[in-house]
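Following: one structure in C-alpha cells, then a few remarks.
The values are calculated or read from the model by the stated rules, or taken from the named source; none is laboratory data. These numbers come from a predicted model, not from an experiment. Here the Cβ is made from the backbone with ideal geometry for all residues, glycine too, and neighbour counts use every protein chain on show. Heads up: the accessible areas ignore ligands, DNA and RNA and are worked out on the full protein's heavy atoms, side chains in. Shrake-Rupley method; radii C 1.70, N 1.55, O 1.52, S 1.80 Å.
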Protein chains: 2
Amino acid sequence: MSSSSRPTAALLLIGNELLSGKIQEANQKPLAELLFRRGILLRRVVTVGDVPEDIQLATLELKQTHTYLFTSGGVGPTHDDITIEVIAKALGTPVVTHPVLEELIRGRYKERTTESHLRMAMVPRGAVLEGSNGAVIETADASEWPAVRADNVWIFPGVPEAFRMKLGILAEYLKRHGVGHAMHSRAVLTQIEESAIVDRLNEVVAQFPNVSIGSYPKWFDPNHRTKVTFDAEDESLVQAAADALIRLLGPDARIQS
Amino acid sequence: MSSSSRPTAALLLIGNELLSGKIQEANQKPLAELLFRRGILLRRVVTVGDVPEDIQLATLELKQTHTYLFTSGGVGPTHDDITIEVIAKALGTPVVTHPVLEELIRGRYKERTTESHLRMAMVPRGAVLEGSNGAVIETADASEWPAVRADNVWIFPGVPEAFRMKLGILAEYLKRHGVGHAMHSRAVLTQIEESAIVDRLNEVVAQFPNVSIGSYPKWFDPNHRTKVTFDAEDESLVQAAADALIRLLGPDARIQS
C-alpha cells in the first residue's frame, strides 16, 4: 500500500495512570479505527506521564512530523491537568480563556460556577472550537460541547466516554474537508498454524505489493489458529489478494464474516 | 514522590494492527502494573508500525534514555516479523541463531521443523536467555520457554498470552537482582464531582509532596464520581495522605477496598 501521499497522524496519550497500570487504555483503538477507515496513516502513538517537559517535547516532535496530532488526557480541573498550558508552551503561545467555552460552562453550572470549572475554558491562544457539523463554532450552543483544535493539534479529553464524543466531531471534520479515502479490508481465517503458511503467505505478499497484509496467530481461539488481514484503498485488489490466499490454503480457509 | 533514584523503563509496542485499530492493545497494562509494584518508573510507551526505520530509531532512543527497554511484537515467523533484525541493527550487531532456542524448537517440532520455525531461534548476537528462576539459561529445558534479553532490551512477543508468560520471568529477574522497591497505594472514592474537590485536593497535594496523587472522574459509575489515588514507597505516608483527604471530604468519602 503506497503511503507517501496519505495524510499522517500521531496520538499522544497523557497520564500517570496509563504508565502505572491503574487503567486500561481505551482511546487509541477507536481513534485508530476512525483514521484507518478514512485512509489516514496513524504512524505513532506515544504515552507520557503528567510531566511537563515530556508532554512538551513529544507535542513539538509529533506535531511537526505528522499532518495531525491528537492528544488525550490532562484537561480536567485538577492539579495534574496540565495539558493545555504545556501544549500552549510548545506552540509558543499563551493560554487564554475561550469566550464560547466560558459561556458554555457558565450556562451549565450557573451560579455554582467555580474557578475550577472555568479552568476548562482555557485554550492555547488561536485555538478554535470544532463542532459536530464539521465546522468551526463561533457562538455557544448548549446542545453540544465542541472539540478544541490548536493549529494541527486536537486536544481531546482522556475520559473514554468524553473522548468518543469528540471522535464524532473529528469524523464530521474529515468528511467535510474531504480528508483521506475510504479503506477496504478483508480477513482470512484458518486452522493452519502461522508458521506452516509462511511460504504461501509470502507468495501472496509478493503478488500484491499494494495490499497491506498482516498475519496474527490466535493461541486459544477454537475457531481459527491464524488470521490474515488485507487492507487497501482498492476493494477489488483486497478481495483478489484474500481469494489468492484462500486458494493456496485450501478448503479450511475462509473469509471472516 | 522522588523519582531521581528509581530505575526507569520504556515500552516499545510494534505492529500495524495496533495503529489500524484492528486489535485492542493488551500488554501495556500488565507490564506497567509489574513495574509499578517494583518501584520501576515506566516513563514512556511508544507504538510504531512494522516499519524498520521507525522501530530502529525508537529502539535506539528509548534504550539509551531508560534503564530497561521492553519491546512487544514482531517476533513470529512471517514477513511482517522484523523486530529481531531491526533491533540487532540498532544494537550494531548481526543476527545469529541461538543454539538453545534452536534446540528447544527442534525438540518441539521434531521432524516437522521448518525454516520458518527456526526463524524464531534468531537473536541479536550477544543476547541471553532469561529463565523463570531469574537467571540466564545455558542449556535447553523443554519445560520452559525463556525470554530474550539483548543488553538492556527485553524482546517480548506481541501475542498477549505469550507476553504474560514472559512477565513471570521478568518478575523473577527483578526479584533476584534486587531491582526497585515495593510501592504502596490507596484509592479514595467519593460521590462529589471532581471540579468540586479541587481546593481540598490541592491542600493534600501540598501537604504530601512525596506522595504521587492522581484524580480520575468517573462519568457513568453509580458507586463514585471521583477516584483519587495515592502512591509512594512509604506506606504510612500513603495512608496519612488518603486519611487527610477523607477528613476534608466528609462522610461520603471512603477508601476503595
Checklist entry - A:Gly107 versus (1) within 14 Å of chain B (Cβ to nearest Cβ); (2) over 27 Å from the mean Cα position of the chain (by Cα); (3) of a type in the set (Gly, Ala, Ser): which is the lone unmet condition? => result (1)
Item to check | Filter pass, B:Ala9 being open to solvent by less than 10 Å² (accessible area, probe 1.4 Å) and within 14 Å of chain A (Cβ to nearest Cβ) | outcome: yes
Item to check | Residues located in the range B:132-168, provided they are aliphatic (A, V, I, L, M) and surrounded by fewer than 17 Cβ atoms within 10 Å (Cβ to Cβ) | outcome: B:Ala135, B:Val136, B:Ala142, B:Met165
Checklist entry - Which of the residues that make up the range A:93-137 are charged (D, E, K, R) and touching a Lys or Arg at 6+ places or on another chain (Cβ under 6 Å)? => result A:Glu130
Next on the checklist: Being more than 11 Å from every other protein chain (Cβ to nearest Cβ) and without any contact (Cβ under 8 Å) to a residue 40 or more places away in the chain is true for just one of A:Ile87, A:Ile82. Which residue is that?
Outcome noted: A:Ile82
Next on the checklist: With the structure loaded, tell me whether B:Asp199 is farther than 23 Å from A:Gly73 by Cβ, surrounded by fewer than 17 Cβ atoms within 10 Å (Cβ to Cβ) and over 29 Å from the mean Cα position of the chain (by Cα) or whether it fails that test.
Outcome noted: no
Next on the checklist: Checking the structure you have, find out if any residue of the range B:174-192 is closer than 21 Å to B:Pro251 by Cα, surrounded by fewer than 18 Cβ atoms within 10 Å (Cβ to Cβ) and over 19 Å from the mean Cα position of the chain (by Cα).
Outcome noted: yes
Checklist entry - Just for the range B:202-257: of the residues that are within 13 Å of another protein chain (Cβ to nearest Cβ) and in contact (Cβ under 8 Å) with a residue 60 or more places away in the chain, which one is surrounded by the fewest Cβ atoms within 10 Å (Cβ to Cβ)? => result B:Gln256
Item to check | Residue check for A:Arg119: touching a Gly at 6+ places or on another chain (Cβ under 9 Å), over 26 Å from B:Val45 (Cα atoms), basic (Lys, Arg) and open to solvent by 70 Å² or more (accessible area, probe 1.4 Å) | outcome: yes
Checklist outcome for this item: Filter the range B:27-75 for residues that are of a type in the set (Val, Ile, Thr), crowded, with 24+ Cβ neighbours inside 10 Å and assigned to a helix (DSSP H, G or I); the one that is nearest to the other protein chains (Cβ to nearest Cβ) is B:Ile55
